[in-house]
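Note sheet for the following structure.
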Amino acid sequence: MSSVQIRDVRKSFGNFEVLHGVSIPIEDGQFVVLVGPSGCGKSTLLRMLAGLENITSGTISIGDRVVNNVQPKERDIAMVFQNYALYPHMTVGENMGFSMKLRGESSDEINKRVKRAAEILALSPLLDRYPRQLSGGQRQRVAMGRAIVRDPQVFLFDEPLSNLDAKLRVAMRTEIKELHQRLKTTTVYVTHDQIEAMTMADKIVVMHDGIVEQMGTPLELYDKPENQFVAGFIGSPSMNFLKGHVRVNGVAAFEGPNGVKLPLQNAPVASDGRPAVYGVRPEHFTIADDGAEAEIIVVEPTGSETQVFAKVGGEQVVAIFRERHQFNPGDKIRLKADPSLVHLFDEATGKRL
Amino acid sequence: MAVMAEPVVVPARRSSLWSRAFESRNFLGAMFMVPAIAILILFLAYPLALGLWLGMTDTKIGGVGRFIGFGNFVSLAKDSVFWLSVFNTIFYTVAASIVKFAIGLYLALLLNERLPFKSMVRAIVLLPFVVPTVLSAIAFWWIYDSQFSIISWVLLKAGLITRYIDFLGDPWNARWSVVAANIWRGVPFVAITLLAGLQTISPSLYEAANLDGATNLQRFRHITLPMLSPIIAVVMTFSVLMTFTDFQLIYTITRGGPINATHLMATLSFQRAITGGNLGEGAAISNAMIPFLVAAILLSFFGLQRSRWQQGGRD
Ligand SMILES: Nc1ncnc2c1ncn2[C@@H]1O[C@H](COP(=O)(O)OP(=O)(O)OP(=O)(O)O)[C@@H](O)[C@H]1O
Ligand SMILES: [Mg+2]
């Protein structure tokens, strides 16, 4: 186990810079999730950690050692690839023991470690099978087993669950988290699924177009997104954004599209008339007589909750209610956002106000 | 009704036999196979059967032969030139195939790396394969010429030898010389096919092995070689068959000389049958190649049976 320091790391492919100075401190034993939309450079950063890509500038250290020029095989890192990269000509057991075999350890020791890893991952009955004879979830576990057997300084996962069906994904999510609690190995986990990020991470790093937008615990990111991108990315369904102006006439308020009045707890200083974006999460809407008028477009009950798509001041918003309402498309309701849970962003920069 | 029925009924009655035949799956199936079967019989089965039968007669050019059973084989068994040609063929095949495999694999690995002017280098590698065999054989014939050999000239100028090498006059020199020509001609096929095989190996396997701590050599030994083995089996079977039955190179460069030192079974067969006029004996020599070829095919058939890791299951 080791801490990992990523300091002002940049990466260019030819003249095309994909990472523009990324700094991420990772504590020993932490489970860090890199999350962001497709193409933002998550895999690239992970591969640089593993040593599979050169570092254009900046430094990466593992423990106390700067590893910029250290070969992948000397970094003592195990990686679970998105396509698992299992060796097709080796059995599950051979796959898992391969790294130990290369290090020339005795076959007794290899067997012992492989057996133990197989037990942890419930792979014991499959040790003699070939990867072709496994299901997707089993392959995923073998890939993890290969990493566990190594007992490395750092685990790297690159979207390991993206090939699995929804149900298995949820199950494996829990398994990986459990495994981490048990082994306490520093882990960097890449995903573009914010729910995976929220549920698994000690620390989430939200990336976008080659920069870090924000990092923090899942709840910090949910409660206090630093900018509109993070606000929209974290949480499902996404936060509603309404453009308008801040109004301070004795009491702070927000004038939304077509003059809709929305409540604000307190306005930023000297901000009367300032153009801004009003952000409210679907789950923070309530039905109240003093709410803004909304016309229902679509109602989607999921059983545990009901998603309501409605128009507020001509703009579409989503609201989620846990209690059951009898809504029909075309109905007029009054939606009110809890002012203490509302977010305000600068319209031009997207920064939190 | 009657007006409409008429044109339907009349042609139906006239062609009832044909139309019924053409609606039968079996008849149609047989019809579709006729051209393929005819071609196979005419150009493969018939010559093979004729060759087998010829090998059991004492047919000479211009004469009608008698059936003499295994007479030709009995006399060949006592014929030292025949046994020399068997030895030559095996030596030629084994030596050329091993070196072709080694050089071909090396080139394939090289071409699979990031390389400047990659596509141009690949095109150049294919050149020996594109040149007509006889043309390249003639080029080799010049290269090996006892007075004009460029190799001898270069070595002499470099001070490495004192007199011209007699490439084609000495039995072992001649054998190695034709082997070298065969290698030059056969390497591109091996290299390009193995390269195609290398490119099917997922790069992430190498990355995984790299993280697992494998050195270059270990990656080759534990990833490349096993993943490539099915293609190696196909290529080498093909290469062995083509080398074993080679005729053009030898016939153009040495005609089997000096004193039969480079005669292969194919060239000896031709010499006895066509040049010497003993069609029966020539055919018998050709037929003697069959057991070797069948053995090679069987070997690869069992080698090619998909190994366990390739069978069953999904991707
Ligand atoms: N070898 C390469 N050469 C050139 N550009 C590359 C290369 N690899 C990645 N890129 C570019 O770098 C950017 C980041 O790619 P990366 O694979 O890191 O994205 P990602 O965040 O992992 O996305 P995804 O969620 O789709 O996997 C992309 O714009 C991609 O086109
Ligand atoms: Mg990726």
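The values are calculated or read from the model by the stated rules, or taken from the named source; none is laboratory data. These figures come from a predicted structure and were not determined experimentally. Don't worry about glycine lacking a Cβ; one is built from the backbone with ideal geometry, like all the others, and counts go over all protein chains shown. Surface accessibility is based on the protein's heavy atoms, side chains included, excluding ligands, DNA and RNA. Shrake-Rupley method; radii C 1.70, N 1.55, O 1.52, S 1.80 Å.
Structure notes:
- DSSP-loop trypsin sites (Lys or Arg not before Pro) across region B:62-148, with at most 14 other Cβ within 10 angstrom: B:Arg66, B:Lys78, B:Arg114
- Degrees separating the helix A:166-183 axis from the principal Cα axis of chain A, which is the longest one: 60
- Between B:Gly257 and B:Thr262, the built amide H atoms are under 5 Å apart, and every one of these is 5 or more places off in sequence or on another chain.
- Computed 3J(HN,Hα) for region B:123-133, one whole-Hz value per residue from the Karplus formula 6.51 cos²θ - 1.76 cosθ + 1.60 where θ = phi - 60°, is 4, 5, 4, 6, 3, x, 6, 7, 5, x, 3, glycine and proline marked x.
- 3J(HN,Hα) along region B:198-206, derived from phi through the Karplus expression 6.51 cos²θ - 1.76 cosθ + 1.60 where θ = phi - 60°, amounts to 4, 6, 7, 7, 5, x, 5, 5, 5 Hz, with x in place of Gly and Pro.
- Normalising by residue count, chain A has a Cα convex hull of 165 Å³ per residue.
- GNM remark for chain B: springs join alpha carbons under 10 Å apart, and the peak mean-square fluctuation among B:Ala21, B:Ala123, B:Ala191 falls on B:Ala21.
- Sparse-neighbour loop sites [chymotrypsin sites (Phe, Trp or Tyr not before Pro); region B:58-134; at most 12 other C-beta within 10 Å; DSSP]: B:Phe70, B:Phe117
- P(r) of the protein assembly as shown over all Cα-Cα pairs, binned every 10 Å from zero, in whole percent: 3, 11, 14, 14, 13, 12, 12, 9, 6, 4, 2, 0, 0
- Whole-percent carbon and sulfur share, accessible surface of the protein assembly as shown, 1.4 Å: 60
- Mean residue ellipticity, 222 nm, helices only, the protein assembly as shown: the sum of -39500 (n - 2.57) across DSSP H runs of n ≥ 4, divided by residue count and rounded to 500, is -14500 deg cm²/dmol.
- Solvent-accessible ranking of B:Asp58, A:Asp223, largest area first, probe 1.4 Å: A:Asp223, B:Asp58
- Across peptide B:199-209, the mean count of Cβ atoms from other chains lying within 10 Å of each residue's own Cβ comes to 5.
- Residue separation of A:Gln316 and A:Phe13 scaled by 0.36 nm, minus their Cα-Cα distance, works out to 105.0 nm of gained length.
- List B:Thr93, B:Thr245, ordered by accessible area with a 1.4 Å probe, largest first: B:Thr245, B:Thr93
- Loop-located trypsin sites (Lys or Arg not before Pro) in region A:252-353 (DSSP state not H, G, I, E or B) with no more than 10 neighbouring Cβ atoms inside 10 Å: A:Arg322, A:Arg324.
- Pairwise centroid distance, computed over Cα atoms, of region B:72-106 with region A:205-256, Å: 79
- Length-normalised contact order for chain B - Cα pairs under 8 Å, 6+ apart - percent: 26
- Counting only Cα atoms, region A:224-353 measures 43, 29, 22 Å along its principal axes, largest extent leading.
- Per the Debye formula on identical point scatterers at the alpha carbon atoms of region B:190-315, with no solvent, log10 I(q)/I(0) at q = 0.15, 0.16, 0.18 Å⁻¹ is -0.82, -0.88, -0.99.
- Amide H contacts under 5 Å for B:Asp58, placed H, 5+ residues apart: B:Arg66, B:Ile68
- Convex hull of alpha carbon positions in chain B: directionally averaged projected area 30.4 nm².
- Centre-to-centre, using Cα atoms only, region B:123-156 and region B:208-242 are separated by 32 Å.
- The heavy atoms of B:Leu105 present about 20 square angstrom of accessible area, all protein chains included, probe 1.4 Å.
- Mean separation of Cα contacts under 8 Å (6+ apart) over length of chain A, as relative contact order %: 15
- Euclidean distance of C-alpha centroids, region A:88-145 and region A:279-333, integer Å: 51
- Violating pairs (Cα-Cα greater than 29 angstrom) within the set A:Lys311/A:Lys351; B:Lys118/B:Lys157; A:Lys177/A:Lys224; A:Lys73/A:Lys112; A:Lys224/A:Lys336; A:Lys101/A:Lys167: B:Lys118/B:Lys157; A:Lys101/A:Lys167
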